[in-house]
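In what follows, a structure is listed as structure tokens, so that the remarks can point back to it.
The values are calculated or read from the model by the stated rules, or taken from the named source; none is laboratory data. Note that the structure is a prediction, hence the values are computed from the model and not measured. Glycine gets a Cβ as well: all are built from the backbone with ideal geometry, and neighbour counts include every protein chain shown. Protein only, heavy atoms only, side chains kept; ligands, DNA and RNA dropped before computing areas. Shrake-Rupley method; radii C 1.70, N 1.55, O 1.52, S 1.80 Å.
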Amino acid sequence: MAPIPGSGLAKGLAVTLRTMTKKTVTEQYPDTQPDLPPRTRGVIGLFEENCTVCMLCARECPDWCIYIDSHKETVPAATPGGRERSRNVLDRFAIDFSLCMYCGICIEVCPFDALFWSPEFEYAETDIRDLTHERDKLREWMWTVPAPPALDPGAEEPKEIAAARKTAEKLATTQPEPADPTGSNAEPKDSAGPKSGPMDPAGPKPGPTDPAGSTDPAGPTDPVGPTGQAGSKPEPAEPRPRPTEPPTQPPAGPTAPEGDAP
């Protein structure tokens, strides 16, 4: 069956009519900024403090658009008699975005998290040579890097956070509890000293009388020990020596003169 003349034009006009009746979704850029996903590959930011000049990013780049220069410095020994160490110091870190194909291999292979994706994309230049961003420019892009997305509720806890949490719990269990500065948990102490027991209203009782009639000034042993705690066993008192009686003398009378017999 031969096609009807003008059927293709009619189908095209039908699509146009259906589109004209729908609401437009065109965003007027640059007046309206686009709402980009958080993992948009716009530009690469450099966190210089984490870079160890390992050169992995430059070696793995398929376009060879990363340029790194560095030198070595000697670090003195931390302890007396220790060995000096050498470290790499970053001199230049540049990325030529006129060659970059935004594959993200450099970010994936970085072992120290020194490179990050930023969703910024407004860095067009009139001169192609200005598309080579040095480390100062790359550091400015670092402040536009969004925060990482939150983990899923059922995701496994990161190893770094788990190790830090276990270390904190171990330190909390090994440290002693701090003493209460107010002393609310301590038992109240009597400033007057240890109490010896109920006082007798009749006063202290004299000790036992010995057969000679002398009274022992020391009373019976107090059941309260030297530490002020009742119930401690009293120590046995040492036997006191019995006083000797003086010899009997006759009553004093008038003295007789010498030579006279009594």
Which length gain, in nm to one decimal place, applies between Leu56 and Ala2 when the Cα-Cα distance is subtracted from 0.36 nm times their residue separation?
-> 12.9 nm
DSSP-loop trypsin sites (Lys or Arg not before Pro) across the range 11-46, with at most 16 other Cβ within 10 angstrom | Lys22, Lys23, Arg39, Arg41
Give me the accessible area per residue for the range 25-119, probe 1.4 Å, as a whole number in Å².
-> 66
Give the long-range amide H neighbours of Leu115: residues separated by 5 or more places, or on another chain, with amide H under 5 Å away, using H modelled in the peptide plane at 1.01 Å from N.
-> Phe47
Highest first, please rank the peptides 69-75, 105-111, 119-125 by the mean number of other Cβ atoms sitting within 10 Å of their residues.
-> 105-111, 119-125, 69-75
Per the rule of 0.36 nm per residue minus the C-alpha distance, extending Ile161 to Arg139 adds in nm 5.2 nm
Would you work out the charge dipole size for the range 1-132 about its Cα centre, treating the Cβ of every Lys and Arg as +1 and the Cβ of every Asp and Glu as -1, and quote it to the nearest 20 debye?
-> 700
Exposure of Met101 as accessible area (Å², to 10), given a probe of 1.4 Å and all protein chains = 110
